[in-house]
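Engineer: Here you go, one structure.
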Amino acid sequence: MHRVASAGNTSNSVRPRKEKRLTYVLNDADDTKDILSLTILLWLLSLSDTGVNSLAVLKSPATDGCEYLFTGSRDGTLKRWALAEDGATCSATFESHVDWVNDAVLTGSNTLVSCSSDTTVKVWNGLSEGSCIKTLRQHSDYVTSLASAEKNSNVIASAGLGGEVFIWDLEAALTPTSKSGDATEEDCSNGVNGSGSSLPMTSIRPISSGNNISLQTHSQAYIPVTAKGHKESVYALAMNESGSLLVSGGTEKVVRVWDPRTGSKTMKLKGHTDNIRALLIDSTGRFCISGSSDSMIRLWDLGQQRCVHSYAVHTDSVWSLASTPTFSHVYSGGRDLSLYLTDLATRESVLMCTKEHPILQLALHDDGIWVATTDSSVHRWAAEVRNPQKVFQRGGSFLAGNLSFSRARVSLEGSTPVPVYKEPSLSIPGTPGIVQHEILNNRKHVLTKDTAGTVKLWEITRGTVIHNYGEVSIPAWFTVDTRLGSLAVHLDTPQCFSAEMYSADLHIPGKPEDDKVNLARETLKGLLAHWLAKRKQRFGSQALANGEAPAGKDVPTRNLTASKIEVDGSADNDAAVYPPFEFSAACPPSIITEGSQSGPWRKKITDLDGTEDEKDMPWWVVDCVMNNRLPPRENTKCSFYLHPCEGSTVQILTQGKLSAPRILRIHKVVNYVIEKMVLDKPLDSLNSDGAAGMSGGQVLSPDMSLATVRAYIWKKPEDLVLNYRVLTSKG
């Protein structure tokens with residue numbers, strides 16, 4: 001037995017015991033194989049989110065009588081959503097950008113303009129099937145922001161990290177010019193879509209004579225007007241409805257005001273102490289609102305060239321703004337996950353709602369507001385845009401301070417406002433984006449993890465998923481490190497006993513599929529199978545059965561038959577004993593642990609001779625392996641309610657809140673619902689296909705566990721609510 005001691009340790013020193021941990025080190029017979037694959041799964045446990053960066057609403061009904069929402073995402077695509085009262089349908093995907101879409105605006109009746117981190121600005125026919133009319137290449141770095149003039153659809157402004165601000169005459173930019181024959185299709189300014197048919201240009205209106213931007217001759221490439229003055233990155237733009245005034249802001253912490261017809265700077269407004277992230281300007285061009293990373297919202301009088309009001313509403317960066325048509329109220333969202341409504345005249349503010357992710361973009365639509373965050377979903381919330389005072393009448397408002405620390409201080413003092421709305425009126429669920437990946441050693445397979453926590457193995461030579469590991473719904477029952485150059489797995493009590501799986505998922509033959517298996521218990525049995533066999537040879541099976549100490553051995557401080565822990569009296573301890581997980585005899589792992597009367601030691605599991613007991617190993621390990629007992633541990637149950645879907649007349653006999661193992665599958669819940677249904681006539685006579693489970697309006701997969709539904713769909717601290725409905729046959 002090899003003792004492990006720290007340098008400088010003496011017999012008189014006091015060192016904390018680690019009797020709550022057992023570590024085993026995996027020893028690979030061939031160090032060049034599979035180690036990377038083991039590391040990958042562990043490295044993939046961190047999580048980051050993709051997001052929707054831009055929103056644009058086609059407010060007036062389109063030619064087909066439908067209203068549309070356009071979204072631009074970090075996956076490089078834009079999508080057009082056909083809006084209905086009870087949902088939204090994706091009717092087109094605009095795919096041409098090769099990096100994040102950072103902003104998008106609508107101009108005229110159907111022209112969509114987008115900008116991207118690929119340094120381009122693209123013009124699209126918004127009512128097409130995804131046709132890119134023209135790609136405008138003028139920026140030298142990421143293009144972060146766009147602005148359009150509501151009553152002058154021919155003017156668009158763009159800005160980016162290069163500090164450039166360009167004002168585009170769309171009619172001139174889209175006019176065909178003489179180009180070499182090898183020009184790419186999307187760069188051609190011939191107004192032809194991907195199918196070769198001519199696109200209607202009715203959405204492009206010429207600039208009035210008073211707002212002319214000089215055009216280039218058709219034989220020359222169009223060059224936009226440049227607004228020169230920014231020395232650093234620009235994050236925000238806004239333009240008045242006539243296109244006669246442009247404001248910009250960024251990392252220089254100032255608001256710059258421009259004449260977009262000439263690109264000349266008219267004024268510079270100072271006041272913010274951090275990056276300016278959002279800007280609005282009223283229809284007349286007199287007032288401007290700015291939101292900043294300093295958490296402040298400021299109202300500027302451009303005629304007086306000064307800040308007339310500042311609003312300390314948020315506790316962190318303000319990333320997005322939207323105003324009512326009269327410019328009397330402003331909606332604001334940002335890094336603090338909160339959406340606020342503020343009366344600019346009275347300084348009264350109210351918390352509209354809170355999100356799970358930072359708010360990136362806002363867009364008003366009728367009496368509601370669309371909210372995009374750093375995840376891939378978009379939600380519409382009630383906003384009372386036509387009469388915002390209705391929101392304040394619900395109560396919970398507060399007076400916005402005028403110093404950035406005032407709002408933070410109020411929050412710290414416990415006066416956090418309560419949101420007016422708890423749930424959105426409509427949600428468009430997004431597709432989880434891949435945020436982590438690792439290439440395996442065979443250079444054919446890639447392991448990925450997305451924002452929903454799903455891990456997949458891809459075959460890149462075929463472009464298909466060859467194995468879906470699903471979401472991480474099993475509790476973290478072990479930890480690992482590689483400090484010793486090998487994969488060291490740590491089992492700590494009682495956390496290690498929190499994970500269970502069904503025998504069917506573990507492919508254990510000859511066992512009922514719904515039998516639960518405790519992963520740590522069977523792992524310990526597998527690790528110490530050799531030790532247990534040797535112990536049986538030395539002391540016989542009787543001592544193993546009753547836990548008595550063998551003759552001639554010192555009686556340990558904790559008797560195994562009367563451990564100081566309370567034995568879990570649930571049915572889990574009475575479950576059938578399964579064959580333990582097998583570990584390789586050719587390359588056995590090593591154990592690092594300690595007992596009640598020994599220091600830490602390390603030994604291969606095949607070198608254990610059966611004499612080791614509670615003095616050498618943690619008592620809970622010995623108790624688990626010899627007596628099949630588990631210590632008290634975190635609750636492995638999940639509480640939930642069963643309610644019928646809205647409009648359903650089918651009821652079931654239940655006792656209120658229900659409780660089941662976290663690993664219980666949804667199909668088991670569905671079977672329970674069918675058994676408990678209260679029907680006027682048998683289910684067979686209803687021409688029914690059974691029942692379906694739902695949560696948050698989403699139909700659940702029968703193979704999902706309660707833990708998965710709670711973690712990735714429900715996402716709330718309250719008890720899970722499952723809805724059910726009878727599925728009617730269509731035949």
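Engineer: Return the long-range amide H neighbours of VAL435 (sequence gap of 5 or more, or a different chain), with a cut-off of under 5 Å between placed amide H atoms.
Structural biologist: LYS449, ASP450, THR451
Engineer: Residue separation times 0.36 nm, minus the C-alpha to C-alpha distance between ALA84 and ILE460: what's the value?
Structural biologist: Numbers: separation 376, 0.36 × 376 = 135.36 nm, distance 3.86 nm.
Gain on extension, ALA84 to ILE460, equals 131.5 nm.
Engineer: Can you figure out the FRET efficiency of PHE581 with ASN671, using R₀ = 25 Å and their beta-carbon distance, to the nearest 0.05?
Structural biologist: Details: r = 30 Å, r/R0 = 1.20.
After rounding to 0.05, the efficiency reads 0.25.
Engineer: Another question about this same structure. If packing is taken as the average number of other Cβ atoms within 10 Å across a peptide's residues, how do 359-371, 506-518 rank, most packed first?
Structural biologist: 359-371, 506-518
Engineer: Continuing with this model, one more query. Residue separation times 0.36 nm, minus the C-alpha to C-alpha distance between GLN393 and VAL721: what's the value?
Structural biologist: Values: separation 328, 0.36 × 328 = 118.08 nm, distance 3.05 nm.
Computed gain between GLN393 and VAL721 is 115.0 nm.
Engineer: How high is the FRET efficiency between ALA345 and ASP99 when r is their beta carbon distance and R₀ equals 41 Å, given to the nearest 0.05?
Structural biologist: Numbers: r = 42 Å, r/R0 = 1.02.
Calculated value: 0.50.
Engineer: Additional query: Calculated FRET efficiency, LYS511 and THR479, Cβ-Cβ r, R0 30 Å, to nearest 0.05?
Structural biologist: 0.55
Engineer: If I compute solvent accessible area with a 1.4 Å probe over the protein chains, what percent of it on region 227-278 is carbon and sulfur? Don't jump to the answer; show the numbers that get you there.
Structural biologist: Details: 830 of 1990 Å².
Exposed carbon and sulfur together represent 41 percent of the surface.
Engineer: Between SER91 and SER283, what is the spin-label point distance in nm, taking each point 7 Å from the Cα along the Cα→C-beta axis?
Structural biologist: About 2.6 nm separates the two model spin labels.
Engineer: Taking amide H positions as placed 1.01 Å from N in the peptide plane, with prolines and chain starts having none, which residues 5 or more places from ALA499, or on another chain, fall under 5 Å of its amide H?
Structural biologist: Here the answer is LEU519, ALA520, since their amide H atoms fall under 5 Å of that of ALA499.
Engineer: Okay, moving on. Send over a whole-number figure in Å² for the accessible area per residue of region 352-396, probe 1.4 Å.
Structural biologist: Values: 1640 Å² over 45 residues.
Computed with neighbouring chains in place, this is 36 Å² per residue.
Engineer: About its Cα centre, how strong a charge dipole does region 425-497 have in debye, to the nearest 20, once Lys and Arg get +1 and Asp and Glu get -1 at the Cβ? Kindly include the intermediate steps, with their values, before the conclusion.
Structural biologist: Numbers: 6 positive and 6 negative charges, 61 e Å.
Dipole magnitude for region 425-497 comes out near 300 debye.
Engineer: Still on this structure, I have one more. Students often get this wrong, so check it: of LYS422/LYS715; LYS525/LYS603; LYS59/LYS122; LYS20/LYS716, which have C-alpha atoms separated by over 24 Å?
Structural biologist: Beyond 24 Å: LYS20/LYS716.
Engineer: Per residue of region 142-151, in order, report the coupling 6.51 cos²θ - 1.76 cosθ + 1.60 (Karplus, θ = phi - 60°) as ³J(HN,Hα) in whole Hz, putting x for Gly and Pro.
Structural biologist: Here the 3J(HN,Hα) series is 3, 9, 9, 8, 10, 8, 10, 9, 4, 9 Hz.
The values are calculated or read from the model by the stated rules, or taken from the named source; none is laboratory data. Keep in mind it's a predicted model, so treat the numbers as computed, not measured. Don't worry about glycine lacking a Cβ; one is built from the backbone with ideal geometry, like all the others, and counts go over all protein chains shown. Accessible surface is based on the protein model in full, side chains and every heavy atom, while ligands, DNA and RNA are left aside. Shrake-Rupley method; radii C 1.70, N 1.55, O 1.52, S 1.80 Å.
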